[in-house]
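The values are calculated or read from the model by the stated rules, or taken from the named source; none is laboratory data. Here the structure is a predicted model, which means the values were calculated and not measured. Here the Cβ is made from the backbone with ideal geometry for all residues, glycine too, and neighbour counts use every protein chain on show.
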Amino acid sequence: MSRAKYDPRLMENRTTYTRRRAIIATSSLAASGALAACGAPAASSPDAASKNAPPKRVLFVKTQATELKDNAWRDTFKLAEKAINVIPELVVEPAAGFYEKRQAEFVAGSANADVTINALNQFLPMGLRGMVVDLNPFVKREKVDTSQYYKADFDSWIWKGKLYALTLQAGGEAVMYNKSLFQQKGVKLPTKDWTYDDFLAACQKLNDPANNFYAVQVGQNTVQYMMGTFMRNFGGNVITEPRDRAIYADNANSLKGAEFNVDLHQKHRVAWTAELLKQIPVGKTPMRVKQAAMEINGLGSIIDMRTDVGAENIDVAPPPKGPGGIQQARVAGNSWSILSLSKEHDASWKVLKWLHTKEGMISPQLIAVSWPPLVWAADAPEWQKDYKGTRIHDVTDVWRKAGHNQVVIPEGDPALMLMNAPIARAMAGEITTRDGLKDGQDKVNAVLAQRPAEWKL
């Protein structure tokens, strides 16, 4: 099934919250298998009587994506309805205020959905407040083979042994590049073994600032994302293993990696700065308007690049190797979490489990995700055909063997903003890299020092 050619069908019975409340009011809440609102899932499988019961309805709520992707989820849920004794339905909401709405519902003691989409900067505050269910009892009960997931991504959703979410899409960091621009200037194409020296040399040959062409854009250039990869690949550290203290400003190798990154923007001037990016049309990127030869970012952006530049011109490489041969990449995605106040924990899990079977995964779901959460699904012909002729396996090998996703912390966005704001000033040339690292580290550590004992690893 081609994601590019998929023709979404308009599905019947589009769910609304009004309808959901009616379902909650009339459904059989007194069923013998009902769970306590905030309790853990039962250790045993549902009994035979429940298998013969009328199908449960499970409501999934997610942030709005493209119509193509949202309808792909609806089509996938229609297939699930035929395969299992559960009827999954979908509600789509605007991204603005999405998580605040879930929190308000929880405080009010209500659950207007059973399963919510989740993000790495949101799930831990929700999990530690008891808003979402620990999925590990389900995983153990069903003997789920967790080795089939990208380890860095799967482990991201765990805190103190509790799995607060099941990944719905993975994927990670890559260097996407326009082959035709490399070839026009006689620049050697990136390889899986290239180094940061190779990368800088290519940038300098490709760069043409007189024509408003800068070789590379480093997207999501923050400590938890791409800046963190530069630090790690230069042999540095970012945060302690208990994730309770940032240490990157005290590490000489972290400083070298960060300085290399900043120098791309300020010293060598081969990278698009935040100020320069204001020239790019809204909704576009330098790569997409052919004003850059490379973009370091999550691989999900490759779809739009193919459309604007031509699929035949786009290829991928892993992040370069650092001076000591270290080669890592940020691996991350989104997930589904079962809301603790839902009355349908078992039915919700049944849908999540089915989504990761072969029947469920190799379905319209492939259109809805940026990268499959399971390694076997990402290697399937139905997915790989869109990457035919590319070096995608060079990238995914790094994801599997050396993915990183360490800066996932309970303090969430407020702490990350404190960490990253000073680095953004260094990227803009307002302060030194060393000062940016030190300022961010001090500010975030002041917050991490206040972490409650029950949150600590």
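Things worth noting here:
- When Leu339, Leu264, Leu277, Leu352 are checked against the criterion of being touching a residue at least 40 places away in the same chain (Cβ under 8 Å) and closer than 23 Å to Gly235 by Cα, Leu264 stands alone in meeting it.
- For Thr116, the criteria (1) at pLDDT 95 or above; (2) assigned to a helix (DSSP H, G or I) hold in every case but one, which is (2).
- Number of the condition not met by Ser147 [criteria: (1) small (Gly, Ala, Ser); (2) under 16 Å from Trp336 (Cα atoms); (3) part of a helix (DSSP H, G or I); (4) over 18 Å from the mean Cα position of the chain (by Cα)]: (2)
- Any hit, the range 244-261, residues being surrounded by fewer than 18 Cβ atoms within 10 Å (Cβ to Cβ) and either in a strand (DSSP E or B) or modelled with pLDDT under 95 (or both): no
- Entirely in the range 349-457, the helices (runs of 4 or more DSSP H) that have 3 or more residues that are of a type in the set (A, V, I, L, M), surrounded by 18 or more Cβ atoms within 10 Å (Cβ to Cβ) and out of contact with any Ser or Thr (no Cβ under 6 Å at 6 or more places or on another chain): 365-368, 392-402, 412-427, 433-448
- Hits in the range 416-455 (condition: without any contact (Cβ under 8 Å) to a residue 24 or more places away in the chain and within 25 Å of the chain's Cα centre (by Cα)): Met417, Ala421, Pro422
- Within the range 269-286, the residues that satisfy the criterion of being surrounded by 15 or more Cβ atoms within 10 Å (Cβ to Cβ) and either over 26 Å from the mean Cα position of the chain (by Cα) or not hydrophobic (A, V, I, L, M, F, W, C) (or both) are Arg269, Val270, Thr273, Leu276, Thr285, Pro286.
- Residue within the range 185-203 that is within 23 Å of Ile303 (Cα to Cα), free of Cβ contacts under 8 Å to residues at least 12 places away in the same chain and either assigned by TED's automatic domain parsing to the domain that holds Phe260 or surrounded by fewer than 23 Cβ atoms within 10 Å (Cβ to Cβ) (or both) present: no
- Within the range 150-168, considering residues that are assigned to a loop (DSSP other than H, G, I, E, B) and in contact with a strand residue (DSSP E or B) (Cβ under 8 Å, 6 or more places away or on another chain), the one surrounded by the fewest Cβ atoms within 10 Å (Cβ to Cβ): Tyr164
- Within the range 209-224, restricting attention to residues that are among the β-branched types (Val, Ile, Thr) and in a loop (DSSP other than H, G, I, E, B), the residue that is surrounded by the fewest Cβ atoms within 10 Å (Cβ to Cβ) is Thr222.
- Checking the range 231-242 against the condition returns a match, with at least one residue being in a helix (DSSP H, G or I) and touching a helix residue (DSSP H, G or I) at 6+ places or on another chain (Cβ under 6 Å).
- Selection count, the range 84-104, where residues are touching a Phe, Trp or Tyr at 6+ places or on another chain (Cβ under 6 Å) and not in a strand (DSSP E or B): 1
Okay, residues lined up against (1) more than 29 Å from Met305 (Cβ to Cβ); (2) crowded, with 22+ Cβ neighbours inside 10 Å; (3) in contact with a Lys or Arg (Cβ under 8 Å, 6 or more places away or on another chain); (4) among the hydroxyl-bearing types (Ser, Thr, Tyr):
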| residue | (1), (2), (3), (4) |
| --- | --- |
| Glu67 | no, no, no, no |
| Leu79 | yes, no, no, no |
| Lys82 | yes, no, no, no |
| Phe98 | no, no, no, no |
| Lys143 | yes, no, no, no |
| Ala170 | no, yes, no, no |
| Met176 | no, yes, no, no |
